[in-house]
Every structure is written in structure tokens, then in C-alpha cells.
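Notes follow the structure.
Just so it is clear, none of the values below were taken in a lab; they were calculated from the coordinates. Because the structure is a prediction, the values reported are computed rather than measured. Ideal geometry is used to build each Cβ from the backbone, glycine not excepted, and the neighbour counts take in all protein chains shown.
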Amino acid sequence: MKTILVVDDEPKIVKLVRDYLERAGFAVRVAGNGKDALSQARSEKPDLVILDLGLPQMDGLDVTRALRKISNVPIIMLTGRSEESDKLIGLELGADDYVTKPFSPKELVARVRVLFRRMENYASENQEILRIADLTLDLPRMRITAEARQIDDLTPTEFSIVAEMARYPGRVFTRAQLLDALHGVAFESYERAIDAHVKNIRHKIETNPSEPRYLLTVYGVGYKFTDR
């Protein structure tokens, strides 16, 4: 059974999310502030974290930053509609996805399932090794080797973006196409989220992120993976 840590200081939201997740077959742990969330994440090692940004003691962005130093556990942020800058910052810090308040608990459960399914698919169905230039993608292990550097700190979302593009080197992907490939369902999202993930990926796989060799920008269109 997958364990999910739900972090929010509003008891009604925690109860609602917990009820829906437990009905869907997940074990749920809860925390009401950032410090407790970080402590539980370190000790219990949940399979996924649902994290509100507006937390007492230690806000969600600081929790995300701290978590990413020790773990690539999937993180879904809960944000307010007016917090676009916080969404971008959260994604750039390494969150995998976000849900905007007020939200549908059914959609939240669906997003959780998408993330887990993505990881399970790579572990069981994608038994291939992709090699492009001096980059190797080990799909079952969700691991990348670039210029003899082993990179295993990509989040599930970041790895999915790289894998999707690396399967079709040279093909140009729009941001909308990458969002569709990630979610597989019609979730509310926005295309700048892809830019935040790409920025993160480049900092992890590129020797010089400001002059990328692998994940290239096609101005006015989107991105492509190198074919040479």
C-alpha cells in the first residue's frame, strides 16, 4: 500500500483529502505545519507528499527545498489561484505538480494515480535503454548517465519529460504536447510549468545549463531533444 503524507493547516481540507485518498486505497499520514512535515518525511519516507504552500512555522516552498536535498519523493503542491509566482518557484524547486484551491478531491486523487502510474510504468513496462549522443537513459531505474556522470536525482516528472523527448530525438514538442504526455488526462495546468521543469532538468543534466547540449529550446515553438 502506498503511503501519502498530506500537509495542510486547515483541518477540513486534511479530512477531505484523507477520506478520498483512503477510499482510493492509500495509507495517509498528516502534518499541520512545515517542520512536522519535514520531520515525518525524513522518518517515515512516504511514497508521495501533498503539500500546501501556506504553512505555519515553515512554508511549503521551504519544505520543498529541504526535501529535495534528501529525496526525490513526488510532491504535489496545493496553491491559491493568485499564487502563480509561487507555483513557478515551487516547480523550479522540484515539485512535480500542483492543484489550485479550491480543488476537486477527485482530481487530486487522479493526479496522485497518474504520478504513481508513471513511476510504475517505467519500472515494469519500459525495459529499454535509450542512448543519444553521450547520454544514456535507463528507463526501468529512472536513471540518466551524462558524460560519465550518473544522475539519479530527477523527479518523476522531470524524468518523464526527458524520456518522452529522448524517444524522438530531433522532434519538436510544444509545451501543450509535453503537458498532455505527462498527465494523460485533461488536468488544469499552464504551459509555463513546462519551462520550470526544463530549467530544473538542465541544471541536473547539462554541464553548462545556459548553453544546453541535450534539451534544446526551439524559440516560439517549444523544445526538442538533441539528435546528435
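Taking 17 Å as the straight-line reach from the Cα of LYS12, the lysines in range (excluding those fewer than 8 positions away in the same chain) are LYS101, LYS106.
Principal-axis analysis of the Cα atoms of the chain puts helix 11-23 at an angle of about 60° to the longest axis. Name the residues of region 57-71 whose amide N is less than 19 Å from a point 7 angstrom out from the Cα of SER85 along the C-beta direction? Only 59-65 fall inside the zone, counting backbone N under 19 Å. Projecting the Cα positions of ALA176, LEU215, THR226 onto the charge dipole of region 135-228 (unit charges on Cβ atoms of Lys, Arg, Asp and Glu, taken about the Cα centre) puts THR226 furthest along the positive direction. Put a dot 7 Å past the Cα of ARG131, heading toward its Cβ, do the same for GLU22, and the two dots end up 5.1 nm apart. Secondary-structure-derived ellipticity at 222 nm for the chain, considering helices only, amounts to -13000 deg cm²/dmol, per-run term -39500 (n - 2.57) for DSSP H runs with n ≥ 4. A simple spin-label model places the labels of THR226 and ASP180 2.8 nm from each other, with each point 7 Å out along Cα-to-Cβ.
Based on the reciprocal of the average 1/r between different C-alpha atoms, the Kirkwood radius for the chain equals 18.0 Å. Report the antiparallel proportion of the DSSP beta bridges in the chain as a percent, rounded to a multiple of 5. Around 50 percent of the beta bridges assigned by DSSP in the chain are antiparallel ones.
The slack between ARG113 and ASP152, meaning 0.36 nm per residue of separation minus the straight C-alpha distance, is 11.8 nm. Partners of LYS224 within straight-line reach, counting aspartates and glutamates whose Cα lies under 13 Å from its Cα and excluding those fewer than 8 residues away in the same chain: GLU164, ASP195.
Subtracting the Cα-Cα distance of ARG167 and THR207 from their residue separation scaled by 0.36 nm leaves 12.2 nm.
Rounded to the nearest 20, the Cβ-based charge dipole of region 1-87 about its Cα centre (Lys and Arg +1, Asp and Glu -1) stands at 320 debye. Extension gain for ASN121 to LYS199 (0.36 nm times residue separation, less C-alpha to C-alpha distance): 25.6 nm. In a reduced charge model with +1 at each Lys and Arg Cβ and -1 at each Asp and Glu Cβ, the chain shows a dipole moment near 280 debye about its Cα centre.
Projecting the Cα atoms of VAL30, ALA133, GLY60 onto the dipole axis of the chain, where Lys and Arg carry +1 and Asp and Glu carry -1 at the beta carbon, places ALA133 farthest toward the positive end. When the convex hull of its Cα atoms is viewed from all sides, region 3-112 shows a mean projected area of 5.8 nm². Count neighbours as other Cβ atoms within 10 Å of each site's Cβ, and list the chymotrypsin sites (Phe, Trp or Tyr not before Pro) in region 142-228 that are DSSP loop with at most 16 such neighbours. Counting only loop positions with at most 16 other Cβ atoms within 10 Å, the chymotrypsin sites (Phe, Trp or Tyr not before Pro) in region 142-228 are PHE187, TYR190, TYR219.
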